[in-house]
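Take a look at the structure below.
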Amino acid sequence: MIHLFINGLAASAGGGLTYIRNVLPRLAKRDGVCATVLLSKSLAGEFEETPGIAILCSNGALSAAARFCYEQYEVPRMIRRTGADVLLSPGNFAIFRSPVPQILLSGNALYLSKDFARDLRLRGEYRMWLDNAVKAKLAQWSVNTAECTIAPTTAFSNDLREWTGKDVIALHHGFDQESFFSNCAPLPQPSDEKLASTQGSLRLLLVSHYNYYRNFETLIRGLAILKKRLTPRNVRLILTCTLNSSDNPGSYQAESTAALVRELGVSHEVVELGAIPYNSVHRVYRACDLYVTAAYAETFAHPLVEAMASGLPVIASDIAVHREICGQAAMYFPRFSAEDFAETAILASQSPEPSATMRAAGISRSRDFSWEKHVRELLSLAGTLAHTRRRSENNCDLG
């Protein structure tokens, strides 16, 4: 029997939330495994306790600073009380005085990204730049503190190794194809009507909240080029967000991007569906022709796997993570080149043979990502750490 303590306080959105939602049900089905999971009050109600999974809840909403202090002082006490063997920290930051061996999941490329730091300075986002720099230092210390650090791709594990000087294990995140496509939930009516209005157009899709590192601006500038070159065929860039700061998580300001849309005369071509429930987003993928992303920083990018599984050819910025995830299922362009993005999209949309090859390669590649495999390898690492700790303690007792 191995007992994991999972510190899920940072899992509120994005990859952290996806991780918790997929890993917990699979841990619950494992014989010889039990887990105690610490979650925020807002998320705890989503999960039910089972014979193998105990849920702990933090006291109310915590700011980032308050959560960090809570984790450093309260979580070690909880670990001791529960008798856990291994701590799993999926939120980029380690518990610096963990009483048990710790597996850190490091998954934020922004802490290492020179492009992001430069982007923030150019936008005048100096407070965000300073906040990211402080968190980057904590993330670096965290990798050096934890007994074992896991990254979701080999590309990012190499970056972390160069950044910290410590070995980092690459362990791909998974994808549940059956669950993703089996839900019959319809799209929200306003989004469904907007999507239907694009029928007959070349539909380019980006699944993301608005943020800076997904580099919306390059796609929008490329869209303006496509509009001219593909005339009389219509082209649409379909977004699963709105270019309105208040509608998106985080403190990213979307107004300058909305202004760019108006300036370039592509307001009709940019279709803002708004946030789409995960259980119906597969309908959006399957209604589109190409998946596009100009992101300049990534650690895994689940939408790429979802797009490949949906049979969409991918047009992606040429960064190492994208090449690792997509391989032959994508065509690549320099991450800040709107001209090259447009040329690549035209080639993919007008050349049946490359598109068919990418579709087939993507469907095949998407099957390589498995949450079952991820959990199996994670538990193997945890078992090794727990066994090493017990053997060390026994040797000390004998001494």
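If you scan the range 227-251, which residues turn out to be of a type in the set (D, E, K, R) and under 21 Å from the mean Cα position of the chain (by Cα)? Can you show your working first?
Keep residues of the range 227-251 that are of a type in the set (D, E, K, R), which gives 227-229, 233, 236, 247.
Of everything in the range 227-251, just one residue is of a type in the set (D, E, K, R) and under 21 Å from the mean Cα position of the chain (by Cα), namely D247.
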task = Within the range 8-51, work out how many residues are over 17 Å from L378 (Cα atoms), in a loop (DSSP other than H, G, I, E, B) and in contact with a strand residue (DSSP E or B) (Cβ under 9 Å, 6 or more places away or on another chain).
result = 10
task = Please work out which residue is farthest from the chain's Cα centre (by Cα), limiting yourself to the range 50-75 and to residues that are surrounded by fewer than 12 Cβ atoms within 10 Å (Cβ to Cβ) and over 18 Å from S89 (Cβ atoms).
result = P51
query = Taking S246, is it more than 20 Å from E263 (Cβ to Cβ), of a type in the set (S, T, Y) and touching a residue at least 24 places away in the same chain (Cβ under 8 Å)?
reply = no
inquiry  = Given the options V207, V168, name the one that is modelled with pLDDT of 95 or more and touching a Pro at 6+ places or on another chain (Cβ under 6 Å).
reply    = V207
ask   = Within the group A136, A146, A170, which residue is in contact with a helix residue (DSSP H, G or I) (Cβ under 8 Å, 6 or more places away or on another chain), over 25 Å from Y291 (Cβ atoms) and free of Cβ contacts under 8 Å to residues at least 60 places away in the same chain?
value = A136
ask   = Within the range 271-283, can one find any residue that is closer than 23 Å to S337 by Cα, more than 21 Å from the chain's Cα centre (by Cα) and either surrounded by fewer than 18 Cβ atoms within 10 Å (Cβ to Cβ) or among the hydrophobic types (A, V, I, L, M, F, W, C) (or both)?
value = yes
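The values are calculated or read from the model by the stated rules, or taken from the named source; none is laboratory data. Computed from a predicted structure; not experimentally measured. Cβ sites come from the backbone with ideal geometry, for glycine too, and all protein chains shown count toward neighbours.
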